Number of protein chains: 2
Amino acid sequence: MLIKPASTDYPLHPLLQARWSPRAFVPTLIAAEQILSMLEAARWAASAGNGQPWSFLVVPRDDEAMFARLFGCLAEGNQVWAQHVPLLLLTVAELQREPGKPNPYALYDLGQAVANLTIQATALGLSVHQMAGFNQEQARSEFAIPEAYAPVTVVAIGLQGEPAALPEPLREREEAERTRKPLRSFVFGSVWGQPTTLLADASQAA
Amino acid sequence: MLIKPASTDYPLHPLLQARWSPRAFVPTLIAAEQILSMLEAARWAASAGNGQPWSFLVVPRDDEAMFARLFGCLAEGNQVWAQHVPLLLLTVAELQREPGKPNPYALYDLGQAVANLTIQATALGLSVHQMAGFNQEQARSEFAIPEAYAPVTVVAIGLQGEPAALPEPLREREEAERTRKPLRSFVFGSVWGQPTTLLADASQAA
């Protein structure tokens, strides 16, 4: 199994440092109690006014008909690797607090719930790869999702596989270094675009 | 310190179970290295196409002028308790991938980054309380945030304080039980609105 801890500038909790989004999965099914613990992690996320504007469609690989319906919504580039994944989740945001009253925090809160789910997955030894590349309207139609709700991501979850099982260029991408913008490019102080003095102090101390 | 672990139906990692959003904080300043570790946690979050559409304004309480400017944007109900918080962050989403090309995942990805930041805070023994209740346009104006970006939340971070320090009715809310919708109300199987059979199986097994 390929381990790619984040190359951090400041210390991270091991679960946060270990998490990344592989494409190589083994098809071994995930136990029901692990799936339910991941969803429980999503359940206890923070949300604006405790609105909990999230829903999940749970699609284990052994539910072949349902798996085929969700898999069929994925972009081709994702189907290449996602065909081996033992569990797909369709994440859905509730766009209204009540009829006619939009919830501007629906996507933000759903993101928090999925991040928590991902941490729980990591703690269980599972890997998670989220996809935006799928046909949202096809997913809405396949699963009769009402207009007040929006399909947002498809989440692949399973035990990580070997990069060698992936075709090129995915194998090369799997083994590439993980990268992020430096903190100074997005962590500002009193002036937008200017790094916080905390970073200046830290770099002087280093 | 009031401990309110989530009353879970399925086991959670201790960091996820312990996290909640108190209103009682002690004003003791947070060390720079802890602030930077929390931001590093946000930095390594997953995002669509690794777009990282997030920025943060860091406002420690000892930067009195900046603290007053952000504090002044908060809703009155939040000012009551947030006046004692040692650190506020303004979280900002980048709404476009490039000029004229909206990023529909900006809020979702920012939510993931803040959830990761919150887990790191919890690991450091700190508490986090996110606020949607503030004047976004006032914050944009105070900090000259460009139109292509949106202020989304103000995040209060610090050591938890004693509920007794809060005025009513906040003290009562602080001590109230934490609640969430049951999984069966938002975790579905092949039919929207019908709980996944995993939940039926689990409840038969219990």
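All of the numbers you see were taken from the coordinates with simple rules; none came from a lab. This one's a predicted model, so the numbers in the text were calculated from it and none came from an experiment. Virtual Cβ from ideal backbone geometry, glycine too; neighbours counted across all protein chains shown.
Is the shape of segment B:106-206 rounded, prolate or oblate, going by the alpha carbon gyration tensor and its root eigenvalues a ≥ b ≥ c, with a/c under 1.5 for rounded and a/b larger than b/c for prolate?
Taking the square roots of the gyration eigenvalues as a ≥ b ≥ c, segment B:106-206 is oblate.
The antiparallel fraction among DSSP beta bridges confined to the protein assembly as shown stands at about 95%. Once R0 is set to 35 Å, what does the formula 1/(1 + (r/R0)^6) return for the Cβ-Cβ distance between residue A:28 and residue B:31, expressed as a FRET efficiency to the nearest 0.05? Taking R0 as 35 Å, the efficiency between residue A:28 and residue B:31 is 0.20.
Counting pairs of alpha carbon atoms under 8 Å apart in space and at least six apart in sequence, what relative contact order in percent does chain B give? Don't skip to the answer; put the middle values down first.
Values: 326 pairs, mean separation 56.7, N = 206.
Relative CO of chain B lands at 28 percent.
Across the identical copies, the label point of residue A:191 (7 Å from Cα in the Cβ direction) is separated from its matches by 6.2 nm, in order from shortest. Distances between equivalent label points of residue A:176 across the copies, with each point positioned 7 Å along Cα→Cβ, amount to 4.8 nm, shortest listed first. Using Cβ point charges alone (K and R +1, D and E -1), the dipole size of segment A:14-175 about the Cα centre works out to roughly 300 debye. Think of each Lys and Arg Cβ as +1 and each Asp and Glu Cβ as -1; about the Cα centre, that makes the dipole of segment A:91-206 roughly 380 debye.
The distance between label points at residue A:68 and residue B:147 comes to 5.0 nm (points 7 Å beyond Cα on the Cα→Cβ vector). Taking 0.36 nm per residue of separation and subtracting the Cα-Cα distance, full extension of the segment from residue B:185 to residue B:7 would add 62.4 nm.
Here residue A:181 is the anchor, and the lysines within straight C-alpha reach of less than 27 Å, apart from those fewer than 8 places off in the same chain, are A:4, B:101.
Can you classify the protein assembly as shown as rounded, prolate or oblate using the Cα gyration tensor, where a ≥ b ≥ c are the square roots of its eigenvalues, rounded means a/c under 1.5, and otherwise it's prolate if a/b beats b/c and oblate if not? Don't skip to the end; give the middle numbers.
Values: a/c = 1.65, a/b = 1.38, b/c = 1.20.
Taking the square roots of the gyration eigenvalues as a ≥ b ≥ c, the protein assembly as shown is prolate.
The residue B:175 and residue B:135 beta-carbon pair, evaluated with R₀ = 22 Å, returns a calculated FRET efficiency of approximately 0.15. Between residue B:75 and residue A:83, the distance separating the two model label sites (each 7 Å from Cα on the Cα→Cβ line) works out to 5.0 nm. Each of B:136, B:111, B:11 was placed along the dipole of chain B (beta-carbon charges, centred on the mean Cα), and the one lying farthest toward the positive end is B:11. Our summary gives segment A:1-75 a relative contact order of 18 percent, counting only alpha carbon pairs under 8 angstrom and 6 or more residues apart. Between residue B:192 and residue A:97, the simple label model (points 7 Å from Cα in the Cβ direction) yields a spacing of 2.3 nm. Phi angles of segment B:20-25 translate, via the Karplus equation with coefficients 6.51, -1.76, 1.60 and θ = phi - 60°, into HN-Hα couplings of 8, 10, x, 10, 8, 10 Hz per residue; Gly and Pro are given as x. Of the residues A:55, A:45, A:85, the one whose Cα sits farthest towards the positive end of the charge dipole of segment A:43-106 is A:45 (charges of +1 on Lys and Arg Cβ, -1 on Asp and Glu Cβ, taken about the Cα centre).
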